[in-house]
Amino acid sequence: MFAYVGQGLLLALFGLFLSKIKKIALGKIMTTCGISSSVFGFIFGSVFGFEEALNPIYNIINFKPIRVMESPMKIIISSICIGIFCLILAMCANIYSLMKKNNILEAILSHSGACGIALYSSLILLLLGNLGVISINPIILELIIISSLIFIFLKEFIENKVYKREKINWGDYIISQFFELFEIILGYFTNTISFIRIGVFIFVHAGMMMVVFSLANMTGQYLLTVVLGNLFVTCFEALLVGMQVMRLQFCELFGRFFEGGGREFKPVITN
């Protein structure tokens, strides 16, 4: 979302100042984010908004970066692919966590477990097949989807049989599980689409830098306007993007594997 070389380095240096001089823990996070921004900034080739600044390097390595305003669909599709990868990774983390707790049934039957990965992956592959992106037998995918839905639907029933819990009221069970399955599939869709914000904020950032340069050409104070504009964009966008990143982590990813409860953490030293 904040993939710019110059502004990323500026953010990293400010983070170093906060962590080393001011002893503020947030500075370490800002440094890491700034370095990541600079690394990904080489993909777009922008240094403080100057899109052609890195062209000599790209000519040497024979690599042409992505031009943001000329590659909207590529960026949006890449954002969705990042979302798919992160969601599957979160479900794998959930399986690992449940296996460590010896909760085998939950790891297999959960919508964020093995059945969930099979269902989600098959839905994605079926969609890609219908769009003509890949060639795959849809019958196999449909069988996997149906089987996964059945196992997720019967998860509570199977757990009750294995752990010998109280009997199920089938009327209430069918209704509740039907709506839960609908919510699960809707959740897969909304969680994936939510990652489009990665691409959207790339466009927002590029648009703001275009405004800065337009103002610089209009005011007659080119250097001052560019410097102040970069400072404003760095502070404003870093805050805005940071909020969106936390939202993706806590709403889309943490819910796949995080569970409340456990023992309260009591540190040995409290100061």
Of E159, E180, the only residue that is under 30 Å from I80 (Cα atoms) and either out of contact with any Leu (no Cβ under 9 Å at 6 or more places or on another chain) or among the charged types (D, E, K, R) (or both) is E180
State whether the residues of the stretch 158-165 include one that is open to solvent by 50 Å² or more (accessible area, probe 1.4 Å) and under 22 Å from R247 (Cβ atoms). no
For the stretch 123-135 the number of residues that are in contact with a helix residue (DSSP H, G or I) (Cβ under 6 Å, 6 or more places away or on another chain) and either among the aromatic types (F, W, Y) or open to solvent by 50 Å² or more (accessible area, probe 1.4 Å) (or both) is 2
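The rows are residues; the columns are (1) under 23 Å from P72 (Cα atoms); (2) open to solvent by less than 70 Å² (accessible area, probe 1.4 Å); (3) under 30 Å from the mean Cα position of the chain (by Cα).
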site	(1), (2), (3)
G207	yes, yes, yes
L215	no, no, no
M218	no, no, no
C235	no, no, yes
M246	no, no, yes
G255	no, yes, yes
E259	no, no, yes
K266	no, no, no
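Anything in the stretch 97-122 that is in a helix (DSSP H, G or I), open to solvent by 60 Å² or more (accessible area, probe 1.4 Å) and either touching a residue at least 24 places away in the same chain (Cβ under 8 Å) or touching an Asp or Glu at 6+ places or on another chain (Cβ under 9 Å) (or both)? List them, or say none. Steps first, answer last, please.
First, pick out the residues of the stretch 97-122 that are in a helix (DSSP H, G or I): 97-100, 104-109, 114-122.
Checking which are open to solvent by 60 Å² or more (accessible area, probe 1.4 Å) leaves us with 99-100, 104, 108.
Hit for the stretch 97-122 is I108, nothing else.
From the list I60, I145, pick out the single residue that is over 20 Å from A3 (Cα atoms), open to solvent by 40 Å² or more (accessible area, probe 1.4 Å) and in a helix (DSSP H, G or I).
Numbers: I145 fails: open to solvent by 40 Å² or more (accessible area, probe 1.4 Å).
Testing whether each residue is over 20 Å from A3 (Cα atoms), open to solvent by 40 Å² or more (accessible area, probe 1.4 Å) and in a helix (DSSP H, G or I) leaves just I60.
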In the set V5, V39, the lone residue that is touching a strand residue (DSSP E or B) at 6+ places or on another chain (Cβ under 6 Å) and either more than 19 Å from Q249 (Cα to Cα) or open to solvent by 90 Å² or more (accessible area, probe 1.4 Å) (or both) is V5
For the stretch 194-206, pairs from a residue that is farther than 14 Å from M246 by Cβ to a residue that is open to solvent by 10 Å² or more (accessible area, probe 1.4 Å) and hydroxyl-bearing (S, T, Y), with Cβ under 9 Å and 6 or more apart or across chains, are G199/S78
V200 vs (1) open to solvent by 60 Å² or more (accessible area, probe 1.4 Å); (2) more than 17 Å from the chain's Cα centre (by Cα); (3) under 30 Å from Y4 (Cβ atoms): all pass except (2)
Of (1) in a helix (DSSP H, G or I); (2) aliphatic (A, V, I, L, M); (3) open to solvent by less than 90 Å² (accessible area, probe 1.4 Å), L223 fails just (3)
Residues of the stretch 66-96 being within 21 Å of I140 (Cβ to Cβ) and either open to solvent by 40 Å² or more (accessible area, probe 1.4 Å) or in contact with an Asp or Glu (Cβ under 9 Å, 6 or more places away or on another chain) (or both), in sequence order, are I88
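Criterion first (in contact (Cβ under 8 Å) with a residue 24 or more places away in the chain, open to solvent by less than 40 Å² (accessible area, probe 1.4 Å), farther than 18 Å from L248 by Cα and not hydrophobic (A, V, I, L, M, F, W, C)) does S46 satisfy it?
Details: in contact (Cβ under 8 Å) with a residue 24 or more places away in the chain: yes; open to solvent by less than 40 Å² (accessible area, probe 1.4 Å): yes; farther than 18 Å from L248 by Cα: yes; not hydrophobic (A, V, I, L, M, F, W, C): yes.
It is true that S46 is in contact (Cβ under 8 Å) with a residue 24 or more places away in the chain, open to solvent by less than 40 Å² (accessible area, probe 1.4 Å), farther than 18 Å from L248 by Cα and not hydrophobic (A, V, I, L, M, F, W, C).
The values are calculated or read from the model by the stated rules, or taken from the named source; none is laboratory data. All of these numbers come straight from a predicted model, not from anything done at the bench. Heads up, the Cβs are rebuilt from the backbone with ideal geometry, glycines too, and the neighbour counts pull from every protein chain shown. We work out accessible area using only protein heavy atoms, side chains counted, and drop any ligands, DNA or RNA first. Shrake-Rupley method; radii C 1.70, N 1.55, O 1.52, S 1.80 Å.
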